[in-house]
DNA sequence: CTGTTAGCGCCTTCAT
DNA sequence: ATGAAGGCGCTAACAG
């Protein structure tokens, strides 16, 4: 393999000059630079990343920590992030931490990131205080997407407002008994999106002087099957529920399937609203609170690279959402008509 | 930062021994190993990946090349791959190559992988011969998922059989004019999955002595919107089409949306079948040819790591598929009844 | 603007 | 089973 010294010899300069020329640093005459670039090209020289990292202490790599890549929100944020990173020549290292209901997930071990990345992006992964502290202790710039602990740079929605908006939409339609399908109940972290959305849900109900209770809240594991099962459970507990607010579109679509399983019609028998703006939501006319996940990924990555370069990032970047009314929500129908 | 020499000093051994002990190599007495492990732990020592890579020439990192991470097939394969990799302590570096209709995609530049990864996994990315050659020229083990060029290790479906099965299902139901929604038309590569599936489609039609023609084939860009638009185009060209085979479930679901846009009912006016087994297919009762993408990702990663370790991989691993009949396909209905 | 010279932190022969 | 020592290939001061 051609090394920097061969290029140096061929171009008749020192390795230092080759290094400078190739990285576009100043203090190289343009004639020299051109010659170096040409010979490097000719020899097919490509610098060894390990050697460069070892010598410089920088890796031009960002660590992406996320529970899953095959869920809509996560896949889109990661896609956006990867694009922004690529644009500035950064690589993305992927680390998933399967979040399963019941058993505790694999904990984040900061040592694997140690000296391996210049920055860390945590996407939708609720971490406990120790994990956050250990990541922060790495001394590496850190950005959270989806939600993050207080004091950390975070790109997110206003989850409380999102939960409120969704719930108020249902209340406005006339619903009085509104159920909620939340995401994975994370016992260690108090700042995951579903937590904020549930707060908003409860707040909206309380403001409207409607019933709020644990009985009306079920876990949907943040996926389709979970949402499906949750509606069954919800209606078992409370057959008088006429509307459901799900914390993600995937769960909302699952809820629609679950309603169908029970022979219920959406929205006549049950209104369903989700959060995300999933591409397939229109398939079932899903009413939702839409967000721009791709943009969040790109912005978070850009922020992170700024921080790596020594910039100071705003601590919280809150994204707008938009209520997208389609056909899955409507005023309570015949099924809930008071028996006269 | 603690280096290997500090651990060596603290444990009273040489750095060579520390290195051996920490990596579980033989020729270290268990007493010494324990002591080294303990002191390393105590000092919070973690080896520098760049230094290790530079010295050893191995990175314990795999490059994942894919067009997108936010499409069902790709996200699932990547999720599976990442799990398998992590299990053996490998990291996954993500590289996306946005495949857009019309403009040529960014070409794969092997130099960015140079000395950066121990293995390369190409997921659903059709490459031209030069790209394949340059990747292979890296001397790094290479695995293709979804489809790959002849002579390369590939994990895939039998696309021809898949296209055939889907088309025969429609023919068996009595359809005589069957349209096809294919994926991105890649002009440079002859071996992408949609190509094989289209062949199977044409073969099945030919065998049944039914019309086969370019007029019946439209491109759906492999996404929901593309599928949606394609059905409009297809029916504009041929209003007598009664069934559509789409090369992916996302396009098939788009096709269902497109049919609805035109006021058509599925399956009464138009039967639709896809390929994948998408989680949300049930939402619209999508009939499909299902495949296990997660497993393909895991197996491909495992294969690749075997190859990195010097093993020899079987050249093609063909996965089974399963016809999943739901409600989106049915015998041709009233709309196509011959006018009497 | 360019060259010299130390490292960066670990792995890996080769001895012992 | 362990140690000594020479790289791995590049970057970054420091001179000049």
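What follows draws every value from the coordinates through simple rules; no lab data is involved. Just so it is clear, the model here is predicted, and its values are computed rather than measured. No Cβ is skipped: glycine too gets one built from the backbone with ideal geometry, and neighbour counts run over all protein chains shown.
Summary of computed values
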read-out: Percentage relative contact order, chain B, counting C-alpha pairs under 8 Å, at least six apart; value: 17
read-out: Exercise: per-residue mean of other protein chain Cβ atoms within 10 Å, A:39-47; value: 2
read-out: Angle in degrees between helix B:224-237 and the longest Cα principal axis of chain B, rounded to the nearest 10; value: 30
read-out: For chain A, built as a Gaussian network whose Cα springs stay under 10 Å, the top-fluctuating residue of A:196, A:277, A:213; value: A:213
read-out: Overall form of the range B:53-112 per C-alpha gyration tensor (a/c, 1.5; a/b vs b/c); value: oblate
read-out: Calculated FRET efficiency for the pair residue B:309/residue A:265, C-beta based, R₀ 45 Å, to 0.05; value: 0.20
read-out: P(r), alpha carbons of the protein assembly as shown - 10 Å bins starting at zero, rounded %; value: 3, 14, 22, 24, 19, 11, 5, 2, 0, 0
read-out: Solvent-free Debye scattering, log10 I(q)/I(0), computed from the Cα coordinates of the range B:4-55 at q = 0.15, 0.24 Å⁻¹; value: -0.35, -0.87
read-out: In degrees, nearest ten, helix B:30-43 long axis to first principal axis of chain B (Cα); value: 80
read-out: R0 of 41 Å, Cβ-Cβ distance residue A:324-residue A:25: FRET efficiency to nearest 0.05; value: 0.25
read-out: Relative contact order (%) - the range B:159-292, alpha-carbon pairs under 8 angstrom, separation at least six; value: 25
read-out: Debye log10 I(q)/I(0) for the range A:159-292, one point scatterer per Cα, at q = 0.12, 0.13, 0.17 Å⁻¹; value: -0.37, -0.43, -0.77
read-out: For the range B:1-33 versus the range A:128-176, the gap between their alpha-carbon centres in whole angstrom; value: 44
read-out: Angle between chain A longest axis and helix A:193-207 axis [Cα atoms, degrees, rounded to 10]; value: 30
read-out: Computed over the range A:1-154, Kirkwood Rh from alpha-carbon pairs, angstrom; value: 17.9
read-out: Base-10 log of normalised Debye intensity for chain B (one unit scatterer per alpha-carbon) at q = 0.11, 0.16 Å⁻¹; value: -0.74, -1.24
read-out: Sum of -39500 (n - 2.57) over DSSP H runs of 4+, divided by residues of chain B (222 nm, nearest 500); value: -12500 deg cm²/dmol
read-out: Candidates B:192, B:230, B:56, ranked by Gaussian network fluctuation over chain B, Cα under 10 Å, top entry; value: B:56
read-out: Point-to-point label distance, residue B:150-residue A:177, nm (Cα→Cβ direction, 7 Å offset); value: 6.7
read-out: Span from the the range B:67-88 Cα centroid across to the the range B:204-220 one, whole angstrom; value: 33
read-out: Whole-number percent relative contact order across the range A:4-55, with pairs defined as alpha carbons under 8 Å at least 6 apart; value: 34
read-out: Shielding of A:278-287 by partner chains, average beta-carbon count, 10 Å; value: 5
read-out: Of A:21, A:55, A:313, the one that fluctuates the most in a GNM where chain A has Cα springs shorter than 10 Å; value: A:21
